[in-house]
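I have placed the structure first, in the form of structure tokens, so that the comments after it can refer back to it.
Only the coordinates and a few stated rules stand behind these numbers; no lab work does. This structure is a prediction, so every number in the text was calculated from the model and none was measured. Backbone-built Cβ (ideal geometry, glycine too); neighbour counts: all protein chains shown.
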Amino acid sequence: MLLLWLFSCFSSVLHISLCMYQSPVPDMYRLELAGGLGAILLLLGVFTAIYKCYNVEIMLCYRRHFGSDETEDDNKEHDAYLSYTRVELDSMDRGSSEEEQFALEILPDVLEKHYGYKLFIPDRDLIPTSHSSE
């Protein structure tokens, strides 16, 4: 398909007609444009999926390398308070409950060692005759 543009100029002395032809965009360029846009959209989708899966790790890495730590000047000793229900071991035949193991071993290990949070755990951090409010 060839595009035709016709321009005409009239004056009292001279009449000029000018025809300009414009060839359409070849299919090869359309294919390249579609492929480039498709690749950009694919990369955008991949980066979005990676961010959705690893957003906490990405934010912590960003804070560690580029950002200032806003928790340095907030005058707080701890980031989170860990509260759990203590299970009476006399009423159960097991040595320790799964909830207590999760609360006192697994959760602090992950949050403090892996993510860098400071937890307040009453059994560990509460000094007798002290209060827990800041």
In nm, give the distance between the simple-model label positions of LEU42 and LEU60, each being 7 Å from the Cα along the Cα-to-Cβ direction.
3.3 nm
So how far apart, in nm, are the two label points at ASP123 and GLU100 if each is 7 Å from Cα heading toward Cβ?
0.6 nm
For the stretch 36-45, 3J(HN,Hα) per residue [Karplus equation, 6.51 cos²θ - 1.76 cosθ + 1.60, θ = phi - 60°, Hz, x = Gly/Pro]:
x, 5, x, 5, 5, 5, 5, 5, 4, x
